[in-house]
Amino acid sequence: MTLQDALKRIETNFTVSAEVLKEISQGFYDEMELGLTQTGNAIPMNVTWVTEKPTGNEQGEYLSIDLGGTNMRVVLVTLKGDSKFDSVQSKYNLPAWIKTGTANELWSFIAEYLEEFLLKQYQNIPEETLPLGFSFSFATTQGNINEGVLQSWSKGFDVKGVEGHDVVPMLQKAIDKRSLPVKITALINDTTGTLVASLYTDPLTKMGLIFGTGVNGAYYDTTDQIPKLGISQSSPMAINTEYGSFDSSHRYLPRTFFDVAIDNSSTRPGEQTYEKMVAGYYMGELLRLLLVDLYYRRYIFQGQDVSQLNVPYIMDTSYLASAEQDSDDLPTIGSMFESLGLATTLKERQLIQTLSKLIATRAARLAACSIAAICKRTNVDSGNIACDGSVISKYPFFKERIENALAEILDWSERPYPLQIVQAEDGSSVGAAIIACIAQKSI
Ligand code: GLC
C-alpha cells in the first residue's frame with residue numbers, strides 16, 4: 001500500500017455522509033427522550049433546577065468560579081439590568097497534578113486563588129457576604145440549584161474522593177477555612193450558564209452549547225414533559241443534557257481504530273464516547289495517533305527520533321487549527337513539528353494539514369447531530385444557538401462546518417439558514433452570576 005492508499009483509507013473512515021448524520025441524530029433524539037424518562041441512561045438529561053428564564057433586568061454584583069477546562073477562572077460580574085453586564089476576571093492555569101490529585105488539593109487550590117482575586121479586586125475584603133455561582137463543568141445530579149453530586153469526571157480530570165459527593169459543601173468548606181465572606185448560592189454547568197447568559201442579552205437564544213475541552217448542550221424543556229420528574233404542572237426547566245456521553249453502547253457513531261485507542265487509554269474507558277470524537281481535548285491526540293501509525297508503517301518521518309511524538313497528548317487542538325490556517329509552503333506546521341524534534345518535507349506537512357481537516361470536519365459534522373436532535377425535541381426551527389468554548393471561538397471554519405452539516409440533516413437548501421450559530425463569550429461565568437442572582441431571589 002502506498003501513502004496515497006493509506007490516506008484514502010483514513011479519508012473514508014473519517015468521512016460521515018449526510019445519511020449517517022441523520023441516523024446519528026435520530027439516535028440522539030431517542031436517547032434524549034429516554035434520558036428524560038428514566039435515570040441511568042446513556043444521556044443523563046440532568047435536571048438543573050433553573051426554573052426561570054432571565055428577564056435581562058437582573059442586577060447586582062456576583063462572583064463566579066469556572067472549573068472544567070484547561071484554566072480555572074474567578075470572575076466578578078456586575079449585572080446592570082437592561083441586558084447589560086460588566087465583568088473582571090483572573091485566569092489560572094490548572095496544573096496536571098491538581099486535575100488528578102486529591103479533593104483537598106483541588107478545593108484548597110480554588111479557595112487560594114479566590115482569595116488572591118478578592119485581594120486584587122477589593123482594597124479591603126468586604127464584610128458583607130458575596131454570593132457566588134459555581135460553574136462546575138462536569139455531570140452532576142442536582143436535587144436543587146445549590147447542590148451537585150458529581151456523577152463522573154471527564155476531560156482528563158480524575159480527582160480522588162469527589163465522585164458520588166456533593167461538590168458545593170466541599171468547596172464551601174475550603175472557602176470558609178480562609179474566612180472569606182463568600183457563599184456559594186448556585187451550582188451550574190457551563191452549558192446552562194451559556195444558555196442563561198445568552199438569553200440575558202439575546203431573547204432568540206434556543207440552546208447553550210460548549211465546544212471546548214469537552215462538548216455538551218443545555219436547553220429549556222417543560223416540567224410536565226419530563227416523565228422522570230413526575231410533575232404535572234407545566235413550567236420551564238433547563239436541562240443539562242450531558243450529551244457528550246451519547247452512544248456508550250456503540251450503536252450509532254462510526255468509531256475508527258483510533259477512537260477506540262483513545263477511549264481505551266483514557267482515564268474513563270467506555271465513557272463520553274461522543275465527546276471523545278468531537279471535543280478539543282481529544283483532537284490533537286487523534287492527529288498524533290494517526291501520525292504515529294503512519295510512522296510505524298514507514299510512510300513518514302523515516303530515520304528520525306519520534307520520542308516526543310510518542311508522548312500522549314503532547315499535541316493540543318491548536319496544532320490542527322494552525323495547520324489548517326497555514327500559508328502555501330506550510331511553514332507553521334514545519335516549526336510546530338520542529339519543536340517536537342521532527343523535520344518535515346512539504347509532502348508530510350500537506351499530509352498533516354489534510355489529517356487536521358479530516359479530524360476537525362468530522363468533529364463539526366458530528367456536532368450538528370446533537371443540535372438537530374434538540375431542535376426536534378423542542379420544535380425549534382429558527383433562532384440562535386449560543387456556543388462557547390475554545391474550539392468554537394478559535395478553530396477555523398468550525399462554525400461554518402456545523403452549519404453546513406445542520407443544513408444536510410435538516411434539509412435546508414437556502415441561505416441564510418434559519419438557525420444561526422452565535423458565539424457566546426464567557427457564557428459560563430456570566431450565566432453563573434445570573435443564576436446565582438435568580439437563586440438568591442427565590443430563597
Ligand atoms: C464534559 C462535562 C460537561 C461539560 C462539558 C463541556 O462533557 O461532562 O458537564 O458541560 O464537558 O465543558
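The values are calculated or read from the model by the stated rules, or taken from the named source; none is laboratory data. The shown structure was predicted, so the numbers you read here are calculated from the model rather than taken from an experiment. Cβ coordinates were reconstructed from backbone atoms using ideal geometry, including for glycine residues, and neighbour counts include every protein chain displayed.
For first residues located in the range 144-165 and more than 23 Å from SER265 (Cα to Cα), partners that are of a type in the set (Asp, Glu) and away from the ligand (no atom under 15 Å from the Cβ) and lie 6+ apart or on another chain with Cβ distances below 7 Å form the pairs GLU147/ASP166; GLY148/ASP166; VAL149/ASP166.
Just one of the listed residues (ASP316, ASP224) is more than 16 Å from the ligand (Cβ to nearest atom), free of Cβ contacts under 8 Å to residues at least 40 places away in the same chain and closer than 30 Å to GLY431 by Cα, namely ASP224.
Has the range 133-144 got at least one residue that is surrounded by 15 or more Cβ atoms within 10 Å (Cβ to Cβ) and more than 16 Å from the ligand (Cβ to nearest atom)? For the range 133-144, residues surrounded by 15 or more Cβ atoms within 10 Å (Cβ to Cβ) and more than 16 Å from the ligand (Cβ to nearest atom): absent. Of all residue pairs spaced 6 or more apart or on separate chains, those with beta-carbon atoms under 6 Å, a first member in the range 76-96 that is farther than 16 Å from GLU425 by Cβ and a second member that is among the hydroxyl-bearing types (Ser, Thr, Tyr) are TYR92/TYR113. Just one residue in the set LYS394, LYS376, LYS399 is within 16 Å of the ligand (Cβ to nearest atom) and either out of contact with any Ser or Thr (no Cβ under 6 Å at 6 or more places or on another chain) or closer than 25 Å to ILE24 by Cα (or both); that residue is LYS394. Test SER356 against the criterion of being surrounded by 19 or more Cβ atoms within 10 Å (Cβ to Cβ), modelled with pLDDT of 95 or more, out of contact with any Pro (no Cβ under 8 Å at 6 or more places or on another chain) and of a type in the set (S, T, N, Q), and give yes or no. For SER356, the condition - surrounded by 19 or more Cβ atoms within 10 Å (Cβ to Cβ), modelled with pLDDT of 95 or more, out of contact with any Pro (no Cβ under 8 Å at 6 or more places or on another chain) and of a type in the set (S, T, N, Q) - is met. When the residues of the range 411-436 are filtered to those that are more than 17 Å from ALA186 (Cβ to Cβ) and aliphatic (A, V, I, L, M), the one that is surrounded by the fewest Cβ atoms within 10 Å (Cβ to Cβ) is VAL422. Restricting attention to the range 59-81, the residues that are more than 15 Å from the ligand (Cβ to nearest atom), crowded, with 23+ Cβ neighbours inside 10 Å and either assigned to a loop (DSSP other than H, G, I, E, B) or not hydroxyl-bearing (Ser, Thr, Tyr) (or both) total 5. Annotation: of all residues in the range 362-391 being closer than 13 Å to ILE210 by Cβ and among the polar types (S, T, N, Q), the one that is modelled with the highest pLDDT is SER370. Six or more apart or on different chains, Cβ atoms under 6 Å: show the pairs whose first residue is in the range 268-289 and among the hydroxyl-bearing types (Ser, Thr, Tyr) and whose second is more than 12 Å from the ligand (Cβ to nearest atom). Short answer, once both residue conditions are applied: THR273/ASP247; THR273/SER248; TYR274/ASP247; TYR282/ILE262. Among what's in the range 82-104 and is surrounded by 16 or more Cβ atoms within 10 Å (Cβ to Cβ) and in a helix (DSSP H, G or I), pick the residue that is farthest from the chain's Cα centre (by Cα). Across the range 82-104, the extreme among qualifying residues is ALA103. Residues that are more than 9 Å from the ligand (Cβ to nearest atom) and in contact with a Ser or Thr (Cβ under 6 Å, 6 or more places away or on another chain) were ranked within the range 201-218; the one that is nearest to SER87 (Cα to Cα) is THR201. Restricting to the range 42-58, give me the number of residues that are hydroxyl-bearing (Ser, Thr, Tyr) and more than 13 Å from the ligand (Cβ to nearest atom). So the count comes out to 2.
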